[in-house]
Amino acid sequence: MNRYTVAVLVQNKFGVLNKVTSMFRRRQFNISSLTVSETESNEFSRITVTFDGDEIKEQQLVNQLYKLPDVVSIRELDGKNTVSAELLLIKMANEAETRGDIIAAADAFEAKTVDYSRESMVFQLTADSIRIDEFINLMRDYNILEICRTGIVSLEKGAETIRKVTNL
C-alpha cells in the first residue's frame, strides 16, 4: 500500500469540504492528514489530503474528484518535487527531575518554547512528518500532557502552481 498526498483546489463555498471528504469515504480511503485553508484568493480553498491506498484506486479517486462541480484543480504531490511541513504543539509536564532532558531534546529538534509555567511547558515544532514523529516518540519517555498536530501543507517546487490545470 502506498501513501499519497493530493492538493485539491476548490471553490470556497459552503459544503464543498464535505463533498470532497465523502468521496474518500465512499472509496474506503482512510485520511491520515487533512488541511484546509483559503488561498491567495478568497474565491478558492486548498484542501491537502494524505491517505493510503493502491495506485489504481488512487487514480480512480482523482478522476472522481474531477467530476465534482466545485473542484477547480487537483495536483498529486510527491516528496521529491514539493516543500512540505507540519506543525506540532506538545504540552509536557514541568517536573524538576525531567525538565533538563526535555528542554535539551526540544533544543536538539529546534522546537520553540511557546509557553512555560510551573506545571507545564508547551513546545512548537514545524518540520516534516517524520521529524515530528521522531520528536513525539522521544517525548514519550516523559510525561506528555497533550498533543495537537496539523495536517501536512505542501507546495510544488519551482514555477508550477495548482492553478496551471483547471476544471472551470
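The values are calculated or read from the model by the stated rules, or taken from the named source; none is laboratory data. None of these values were measured; they are calculated from a predicted model. Counting neighbours? That spans all protein chains shown, and the Cβs are built from the backbone with ideal geometry, glycine included. All accessible areas refer to the heavy atoms of the entire protein, side chains included, with ligands and DNA or RNA removed. Shrake-Rupley method; radii C 1.70, N 1.55, O 1.52, S 1.80 Å.
First obtain the Kirkwood hydrodynamic radius of the range 45-95 from its Cα pairs, then insert it into the Stokes-Einstein equation at 37 °C and 0.692 mPa s, and state the resulting D in µm² per second as a whole number.
Value of D from the Cα-based Kirkwood radius: 231 µm²/s.
Using alpha carbons only, how many degrees (0 to 90, rounded to 10) separate the axis of helix 99-108 from the longest principal axis of the chain?
40 degrees
Taking every pair of alpha-carbon atoms in the range 110-168, what share in percent sits in each 5 Å bin, from 0 to the bin with the longest distance?
4, 12, 20, 19, 12, 8, 8, 7, 6, 3, 1, 0
Sort 149-155, 83-89 by the packing proxy (mean of other Cβ within 10 Å over each peptide's residues), most packed first.
Peptide ranking by packing, descending: 149-155, 83-89.
Per residue, how big is the convex hull around the C-alpha atoms of the range 77-144? Give it to me in cubic angstrom, could you?
77 Å³
What are the principal axis extents of the Cα atoms in the range 42-168, in Å, biggest first?
So the three principal-axis extents are 59, 33, 26 Å.
How large is the direction-averaged shadow of the alpha-carbon convex hull of the range 6-78, in nm²?
4.6 nm²
In the range 44-168, carbon and sulfur make up what percent of the accessible area (probe 1.4 Å)?
The value for the range 44-168 is 50 percent carbon and sulfur by accessible area.
If the cut-off is 14 Å between C-alpha atoms, which aspartates and glutamates fall inside it for LYS13, apart from same-chain ones fewer than 8 positions away?
By straight Cα distance, LYS13 reaches GLU38, GLU43, ASP70.
Once every DSSP H run of n ≥ 4 in the chain is given -39500 (n - 2.57) and the sum is divided by its residues, what mean residue ellipticity at 222 nm do you get, rounded to the nearest 500 deg cm²/dmol?
About -8000 deg cm²/dmol.
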